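Laboratory data are not the source of any read-out in this text; all were calculated from the coordinates shown. None of these values were measured; they are calculated from a predicted model. Reconstructed Cβ throughout: ideal geometry from the backbone, glycine too, with neighbour counts over all protein chains shown.
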Amino acid sequence: MTIAVFGRLVNAKNTAAVRRLYERAEQHNISVRLFKPLAEQIIPQCNELGNCEAFLNFTELMQDVTALFSIGGDGTLLNTVELVKNSNIPVVGINTGRLGFLANFSVDQIEEALQLIISKQYTEDHRTLLEVSSNKPLFGENNFALNEFTLQKTTPSAVIKVQAYVNGEFLSSYWADGVIVSTPTGSTGYSMSANGPIVLPQSNSFVLTPIAPHNLNLRPIVLPDSSEISFQVSEHRGECYCTLDSNSWSVDSSYTFTVKKADFTINIIRPKENTFMDTLRNKLMWGLDNRNK
């Protein structure tokens, strides 16, 4: 059996987590394959990892890997989407960050996570992705996101005007700082910060949320994920940003975008006892009264 390990930031917490994962994997005769940029940073600090193979891209990851371990926070796990793509390789998030909505195993649960992989007794969440196309080449092969697609202004003093269409039918003009289309997974991210609703992961929906709209009557709307949502920036001075999760591009008003559901999912392993409702209570502190502390 082979597991892959992905990470971005090498610090004391992440180094300790990778070392612990390697030691536990070695005890179970599991081979470890490290993301190459991670290996280049961490091997000088952990000589015992020098025998690990390295991978850099989707093709190299595909070679007999049972699971991909993401070491970091939710942002790190979002970056695994470009590596895993449509391979169906499950992702295990080891949380060394802050919130841990997606990376829901702690460092102390590394042994538990490995045991679940070995026994194949894990619970797997199949998370919807969105796919974005544009009228001009822009995204390349990585035109999908686990959390959200956004169109945003670049200057603080002006708003942008975005025309939105659903399945070809005009929905509205948004005078705003921008718009967000989120998956159910992304509904607890940027969209929630912009007053969008929280949507359960299995809801088969998208959420279209305006960012600081000039017209306060414009509210977030929940759409079926069978919809195709199109956008045209019709008025703006200069360029604006479009983003797919943590990736961003500068575009002008000549670009149009269409958002739809991707034809594959990302499969995230979680502890059996950790449900989405548990996450809402524990991470967002729903129903907790700090006065009782």
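Answer rounded, prolate or oblate for the chain, using the Cα gyration tensor with square roots of eigenvalues a ≥ b ≥ c: rounded when a/c is under 1.5, else prolate when a/b is larger than b/c, else oblate. The shape class here is prolate. Other residues lying with their Cβ under 12 Å from the Cβ of ILE269 contribute a combined charge of +1, Lys and Arg counting +1, Asp and Glu -1.
Taking 0.36 nm per residue of sequence separation and removing the Cα-Cα distance, the VAL107/ALA158 pair yields an extension gain of 13.9 nm. As a proxy for reagent exposure, ranking THR128, THR188 by other Cβ atoms within 10 Å from fewest up yields THR128, THR188. Extension gain, LEU138 to SER203: 0.36 nm times the residue separation minus the Cα-Cα distance gives 20.4 nm.
Relative contact order for the stretch 129-263: what percent, with Cα pairs under 8 Å and sequence separation of 6 or more?
In percent, rounded to a whole number, it is 31.
Per residue, the chain reaches -5000 deg cm²/dmol at 222 nm when only DSSP H runs of four or more residues are counted, each adding -39500 (n - 2.57).
Here the contact order of the chain, divided by its residue count and restricted to Cα pairs under 8 Å and six or more residues apart, works out to 18 percent. Summing +1 for each Lys or Arg and -1 for each Asp or Glu, what net charge is found among the other residues whose Cβ lies under 12 Å from the Cβ of THR80? Net local charge, THR80 excluded: 0. Provide the net charge surrounding PHE149, with neighbours chosen by a C-beta distance below 14 Å and charges set as Lys +1, Arg +1, Asp -1, Glu -1. My count for the surroundings of PHE149 gives -3. Normalised by the number of residues in the stretch 2-121, the average gap of Cα pairs under 8 Å and 6 or more apart makes the relative contact order 28 percent.
Between the C-alpha center of the stretch 1-51 and that of the stretch 138-192 there is a gap of 37 Å. Computed from Cα positions, the angle between helix 12-27 and the longest principal axis of the chain comes to roughly 50 degrees.
Shown here is the pair-distance distribution of the stretch 129-263: with all Cα-Cα distances grouped in 5 Å bins from zero up to the longest one, the shares run 2, 11, 23, 26, 23, 12, 3, 0 percent.
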